[in-house]
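**Student:** Would you mind keeping the following structure in view while I ask a few things?
The values are calculated or read from the model by the stated rules, or taken from the named source; none is laboratory data. Source: prediction; values computed, not measured. Here Cβ is always computed from backbone atoms with ideal geometry, including for glycine, and neighbour counts include all displayed protein chains. What goes into the accessible areas is simple: the full protein's heavy atoms, side chains included, and nothing from ligands, DNA or RNA. Shrake-Rupley method; radii C 1.70, N 1.55, O 1.52, S 1.80 Å.
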Amino acid sequence: MEPTSNPINSQHVAVIGAGAAGLITARELLREGHTVVVFEREKEVGGLWIYSPKTESDPLSLDPNRYIVHSSVYESLRTNVPRESMGVRDFPFLPRFDDVSRDPRRYPSHREVLAYLQDFAREFKIEDMVRFETEVVRVEPVHGKWRVRSEKSGDSSNDEIFEAVVVCSGHYTEPNVAHIPGINSWPGKQIHSHNYRVPGPFENEVVVVIGNFASGADISRDIAQVAKEVHIASRASESDTYKKLPVPHNNLWIHSEIDTAHEDGSIVFKNGKVVYADSIVYCTGYKYHFPFLETNGYMSIDENRIDPLYKHVFPPALAPGLSFIGLPAMGIQFVMFEIQSKWVAAVLAGRVKLPSQDKMIEDINSWYASLDALGLPKRYTHKLGKIQSEYLNWIAEECGCPLVEHWRNQQIVRGYERLVSQPETYRDEWDDNDLMEEAYKEFGRNKLIRFHPSHFLEPRG
Ligand code: FAD
């Protein structure tokens, strides 16, 4: 869609959250001439990347009255995408050899990501706009604007009116716990990966880890260093799957999914194998959750489908005053935040127009129909898989910003192939120096780096 020729409107915008999505969104809103207040309930920027050894009082996080810890990061976590493709496009995530406290690896630790986000906030002066330790407890439409109620720790609540609200509150805090037949009588310990930090508590135990994607693959190997045995239950595997994985301690097996759990401590897998386990770790993902949002029933979440949302960003009847950044799951998260938030900022400014409500609803329905045709359940609504770059490029064209680079897309594709084929080593042994070189050449052309790209071409362990 063509940008409109209307005069630019400056809007007063509330951003909820100062994680990566909120920081990037605040920058894009400012660039488009809006005034911005960022609400953040923690004491610092960084969101998910602020590691805390603390866990929740309920290890499965099912108790609605539990003490909530925001982050799901575990101590050993390293990024699962290379830093070149992870960083924001005009502020690349470069190794900082000038500072010995920094982690220069291509797939660095969670601490390095937090340090990068702190650098970003400093560079673009975002912290000045953030109200720390201030939780948004209610957001509701009032006469075409938005009332935001917030609570600063120790103080009473405060209501303010904004012309728009951008939700950047993250979606890796509310666990999804898989149901296992018979689990209520199973006597062992159960914990969701949201509350996993270190392997120590599993020493000498027999542990079942449910889920074998990014967190499941990492956590099972972390625990295998100290446990007696670790058994991964994988929904993606054939029902007769049973194999031993080549890990240093020779104690890790992969199975098909779990069939039943029993009072005597046994877990029966669909492949017929029986394991007497001490603990179950659920690496079964998270649920979208916006407890502060009141849309008078217009929006709903059903089986992790947030409905209705045009292009996973705008609820048609409430757009453009309400928008969401960062909902789809994909490999290049920060660049998605950048492109989505440029679109939101441009639409709020009146520089780019949205289609009519009817057209947006039509688009949403045709997306649902395409999922139905593929036999995919509702929980796949915001999983974009192979169409992620097509999705991002559609938005980029809409708001007139550069498309996603070839090397970035390819790094995600090839990185994913390595993750599947060599989960033990994919972060330290790679075969895409060509793509890395392309990335650093582009950073050089765009004057984003001052040194030769060959500095980065050696794999680092
Ligand atoms: P968050 O980082 O969760 O930030 C949300 C912020 O909103 C928080 O600071 C929170 O305190 C605040 N907030 C929430 N509710 C309120 C409220 N009511 N009032 C005020 N403040 C509020 N992505 C990658 O690109 N690379 C990786 O390697 C990678 N690894 C990951 C590993 C794990 C275990 C997980 C769970 C995710 C990983 N991701 C990774 C995805 C990651 O979620 C995104 O990269 C990104 O950091 C999410 O940013 P966000 O701003 O959307 O959410």
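**Student:** Quick one: how many residues across segment 125-150 are more than 15 Å from residue 17 (Cβ to Cβ) and surrounded by fewer than 19 Cβ atoms within 10 Å (Cβ to Cβ)?
**Tutor:** Summing the residues that are more than 15 Å from residue 17 (Cβ to Cβ) and surrounded by fewer than 19 Cβ atoms within 10 Å (Cβ to Cβ) in segment 125-150 gives 11.
**Student:** Step by step: first the residues of segment 333-364, then only those that are outside any helix (DSSP H, G or I) and either of a type outside the set (Val, Ile, Thr) or at pLDDT below 95 (or both), then the one that is nearest to the chain's Cα centre (by Cα). Which residue is that? Spell out how you get there, then give the answer.
**Tutor:** First, the residues of segment 333-364 that are outside any helix (DSSP H, G or I): 350-356.
With the extra rule that they be either of a type outside the set (Val, Ile, Thr) or at pLDDT below 95 (or both), the set shrinks to 350-351, 353-356.
On the way: 350: 29, 351: 29, 353: 28, 354: 26, 355: 28, 356: 30 Å.
Restricting to residues being outside any helix (DSSP H, G or I) and either of a type outside the set (Val, Ile, Thr) or at pLDDT below 95 (or both), the top hit is 354.
**Student:** Pull up segment 268-295, narrow it to residues that are of a type in the set (S, T, N, Q) and open to solvent by less than 30 Å² (accessible area, probe 1.4 Å), then point me to the one that is farthest from residue 231 (Cα to Cα).
**Tutor:** 295
**Student:** Same structure, new question: Tally up the residues in segment 144-158 that are more than 13 Å from the ligand (Cβ to nearest atom), in a strand (DSSP E or B) and under 21 Å from residue 313 (Cβ atoms), please.
**Tutor:** 2
**Student:** Okay, next question. With respect to residue 407, determine if the residue is assigned to a helix (DSSP H, G or I), surrounded by 15 or more Cβ atoms within 10 Å (Cβ to Cβ) and of a type in the set (Phe, Trp, Tyr).
**Tutor:** Yes.
**Student:** Given (1) closer than 28 Å to residue 31 by Cβ; (2) surrounded by fewer than 17 Cβ atoms within 10 Å (Cβ to Cβ); (3) within 14 Å of the ligand (Cβ to nearest atom), identify the lone condition not met by residue 161.
**Tutor:** All conditions pass for residue 161, except number (3).
**Student:** Moving to a separate point now. Give the residues of segment 46-73 that are open to solvent by less than 20 Å² (accessible area, probe 1.4 Å) and of a type in the set (Gly, Ala, Ser), sorted by residue number.
**Tutor:** 46, 47, 61, 71, 72 - these are the residues of segment 46-73 that are open to solvent by less than 20 Å² (accessible area, probe 1.4 Å) and of a type in the set (Gly, Ala, Ser).
**Student:** Considering only residues that are open to solvent by 40 Å² or more (accessible area, probe 1.4 Å), over 19 Å from residue 200 (Cβ atoms) and in contact (Cβ under 8 Å) with a residue 24 or more places away in the chain, which ones fall in segment 213-245?
**Tutor:** Scanning segment 213-245 gives 213, 235, 236, 239, 240, 242.
**Student:** Looking for whichever is closer than 30 Å to residue 177 by Cβ and either of a type in the set (A, V, I, L, M, F, W, C) or at pLDDT 95 or above (or both) here; the options are 31, 27, 78. Which one fits?
**Tutor:** After ruling out the rest, the residue left standing is 78.
**Student:** Determine, yes or no, whether residue 120 is part of a loop (DSSP other than H, G, I, E, B) and within 13 Å of the ligand (Cβ to nearest atom).
**Tutor:** It is false that residue 120 is part of a loop (DSSP other than H, G, I, E, B) and within 13 Å of the ligand (Cβ to nearest atom).
**Student:** Can you confirm whether segment 76-93 contains a residue that is within 10 Å of the ligand (Cβ to nearest atom), assigned to a strand (DSSP E or B), open to solvent by less than 60 Å² (accessible area, probe 1.4 Å) and within 27 Å of residue 407 (Cβ to Cβ)?
**Tutor:** From segment 76-93, those within 10 Å of the ligand (Cβ to nearest atom) are 77-83, 85-87, 93; that's our starting set.
Next, only the ones that are assigned to a strand (DSSP E or B) stay: 78.
In the following step, the residues that additionally are open to solvent by less than 60 Å² (accessible area, probe 1.4 Å) were identified as 78.
From the residues that got through so far, the ones that are within 27 Å of residue 407 (Cβ to Cβ) too are 78.
Yes, that holds for at least one residue.
**Student:** Working only within segment 171-214, note down all residues that are within 11 Å of the ligand (Cβ to nearest atom) and more than 23 Å from residue 260 (Cα to Cα).
**Tutor:** Within segment 171-214, 171, 172, 173, 174, 194, 196, 214 meet the criteria.
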